[in-house]
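Here is the structure we will look at, set down as structure tokens.
The values are calculated or read from the model by the stated rules, or taken from the named source; none is laboratory data. For clarity, every value in this text was computed on a predicted model and none was experimentally measured. Here the Cβ positions follow ideal geometry from the backbone for every residue, glycine too, while neighbour counts run over all protein chains shown.
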Amino acid sequence: MPRRPDAADTSAPGSPPDAAPNRVPADPSEASGPTPATPSGEVSGAASGEAPGSAADSAAGSASDVRSSRAPGPGTAADSGVVAGPAVGVRSGRAANSPRGGLSRALTGWGFALPFTLLFLVFTAGPVVMSLLMSLTDLRGTDLLNPFNVNIVGIDNYVRLFSDAKFLTAAGNTAVFVVVGVPLTMALSLVVALGLNSGLVRFQTVFRVGYYLPVVTSIVAISVVWRFVLQPDTGLLNEILRFVGIDGPNWLNNQTFALPTLIVMGAWRNLGFGMVIFLAGLQAIPKDLYEAATIDGARRFAQFRYLTVPMLRPTMLFVAVITTIGYVQFFEEPFVMTQGGPLDSTLSLAFHTYNQFGFGNYGYASAMGYVLFVVVVLLSIVWFRLLRSNVE
Amino acid sequence: MLSDQLRGRDRVARAALYVLLIGGLVFVVGPFVWMLLSSFKPEAEIRANPPTWWPHELTLANYGTLFDRLDFPTYFTNSAVVAVVTTVGNLLFCSAAGYALAKLPFAGKRVLFGIVLGTLMVPSIVTIVPLFVLSSNLGLVNTLAGLILPYLAQAIGVFLMRQFILSIPDDLLEAARIDAASEWRIFWRIVLPLCRPALAALGILTFLASWNNFLWPLVAATEEETYTLPVALALYAIGQNRTEYDILIAGAVVVVLPVIIVFVLLQRHFVRGIATTGLK
């Protein structure tokens, strides 16, 4: 019987490098072995953090001194506390025991964090809060010169959304784009990743680079190219279809085909991203699990269904969430290719929000943006529920 | 261990797999190749019905027209300046803040990290309105600074750097502290050099995201002299010139080609960076 996929949790690409030290051995035999290196490393780290009081005093910073000062362990903590503590007299604990004292280290901490924090608060966190506040007002573009015209209208903007036919259409289109697009993109990228990971295929780099190409290129440029490819008479796609005897439609000018076309284009553009993440996830599955399954007589499909899929769940969750966040906001494709048409059949939520902003309906646009935000969070929760590793 | 019969099946599977993967590859890369080839066709051939694959006649006229009719050098410079400054800024600010969050004690650390995490999922359209109001108040609309500042310190960058720096052993830093090295020195001499893989990934991905960024430049660059490449191309593509495919195709090549070249050259870093960070 294969091990439960706990190990895959920590090796998911979403949890970057620090995941490894935190990993809890899934196998009891590993856990009951000799004390792992990490805790002892922490002890010595803490000790050396507290010991320096004496080392710094004696102004001897050579490596041998470091080692010797580390050896006594926590015992020196009291010493250095006496030395460093009163000198600063503000903080206790580990920070206060450092050579230059707690306050200066706290200041150093902020010194490092401050440039980022200021920019981040002014240009990211601040606007996120402001947007929420604006969504509760009737702010318009013309009000910027005399702010006293702005009234607080509570949740009126949110209520209004539900009687806005264009908003409902855009919400429907976005829902279709996400509900069809995300699974389609994930399935395609998983197929490619499985193919590349099968060990049967050479020229891995060529495939990876090729499949990944659309991900790195500007969606605007891609949209221009695709508009060209999708031209009814002079486009490449219909020419290929004519070759096999199909009379292709005017893809982007047809109410039925426009949105599905954009969905396929989305999958075309994003499958490389899922492929790379899935490949990393697949390579993190220990090979001996497959060997064990083979010995147990599990066939290829059974191995995929009962071994690969469960082990890949955290990776799937990650790809699903990232892809969903991107798809909920789809904007460039309709902007460049269809302008939301024909007859609003490709109008997306982000596009509608952008238009309302363009009309100067700032409060209303903010409300719509927040709805988008809530949708992103809710869908992430849904994915989490669907794909979390259910370890029984 | 495998029987001959299985090997035979593997051979069939391998052939099927190649067909599938190469078919997919043609589907994915085909439009790019067609774009590049078409950019060298004379205008009449671009409009030909049925379309041609290989150009019957090679010409650079489309690029000539592009640079005659549009101020592409300006857009190109704008895009490059914005992307370079944004990248350098993020590398600097995010690694410094990431170091503080990972290894230095300071009041408000948890709150700061909480806020950073909280904004990771915020769609960019949410902040467009307040950002625009803020930029107009600060006189940043239609300046390159206005295009750069909102992206100079991004949550995802700090998150990535913090996670990476956490994996640097404390012993190493403590040893340097005992040597009476200042935190700045430790940061420059020890932390940053160890962060090279993370910095490479963050740098490449930030540069790309900035080069391809569309929504904010579309909103904040209202005059031609501050257009970035995607903005110029998109506005040209939806304006009265929407059918001038000779110019549009050449323009798309100019936007895409630098990125493709950089990507192919650095693809090793890309794949590693993406796999460890999940950034696009």
TODO: Keeping to the range B:99-131, report how many residues are under 21 Å from the mean Cα position of the chain (by Cα) and of a type in the set (Gly, Ala, Ser).
DONE: 1
Task: Odd one out for A:Phe330 among (1) part of a loop (DSSP other than H, G, I, E, B); (2) modelled with pLDDT under 90; (3) of a type outside the set (Lys, Arg) - done: (2)
Task: Which listed residue is more than 9 Å from chain B (Cβ to nearest Cβ) and in a helix (DSSP H, G or I), from A:Val176, A:Val191, A:Val129, A:Val122 - done: A:Val176
- [ ] Kindly indicate which of A:Ala302, A:Ala298 is part of a helix (DSSP H, G or I) and either among the small types (Gly, Ala, Ser) or more than 11 Å from chain B (Cβ to nearest Cβ) (or both).
- [x] A:Ala302
Open item on the list: Testing B:Val122 on (1) free of Cβ contacts under 8 Å to residues at least 40 places away in the same chain; (2) assigned to a helix (DSSP H, G or I), one condition comes back false. Which one is that?
Closed with: (2)
- [ ] Might you check whether a residue that is surrounded by fewer than 18 Cβ atoms within 10 Å (Cβ to Cβ), out of contact with any Gly (no Cβ under 9 Å at 6 or more places or on another chain) and assigned by TED's automatic domain parsing to the domain that holds A:Phe304 occurs anywhere in the range A:207-221?
- [x] no
Task: All positions within the range A:143-168 that are surrounded by 11 or more Cβ atoms within 10 Å (Cβ to Cβ) and part of a helix (DSSP H, G or I) - done: A:Asp143, A:Leu144, A:Asn149, A:Asp156, A:Asn157, A:Tyr158, A:Val159, A:Arg160, A:Leu161, A:Lys166, A:Phe167, A:Leu168
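For every residue, the table says whether it meets (1) within 12 Å of chain A (Cβ to nearest Cβ); (2) of a type in the set (Asp, Glu); (3) touching a Phe, Trp or Tyr at 6+ places or on another chain (Cβ under 6 Å); (4) not in a helix (DSSP H, G or I).
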| site | (1), (2), (3), (4) |
| --- | --- |
| B:Pro31 | yes, no, no, no |
| B:Leu37 | yes, no, no, no |
| B:Glu45 | yes, yes, no, no |
| B:Thr52 | yes, no, no, yes |
| B:Thr86 | yes, no, yes, no |
| B:Ala102 | yes, no, no, no |
| B:Ala107 | yes, no, no, yes |
Open item on the list: Conditions first: (1) within 13 Å of chain B (Cβ to nearest Cβ); (2) crowded, with 22+ Cβ neighbours inside 10 Å. A:Leu347 passes all but one, so which condition is the exception?
Closed with: (1)
TODO: Go over the candidates B:Leu134, B:Leu149, B:Leu173 one by one and state the one that is more than 23 Å from B:Trp188 (Cα to Cα), more than 24 Å from the chain's Cα centre (by Cα) and buried (at least 20 other Cβ atoms within 10 Å of the Cβ).
DONE: B:Leu134
Open item on the list: Against the condition more than 10 Å from every other protein chain (Cβ to nearest Cβ) and modelled with pLDDT under 85, how does B:Glu223 come out, does it pass?
Closed with: no
Open item on the list: Taking the criterion of being buried (at least 17 other Cβ atoms within 10 Å of the Cβ) and more than 30 Å from A:Gly297 (Cβ to Cβ), would at least one residue in the range B:9-22 satisfy it?
Closed with: no
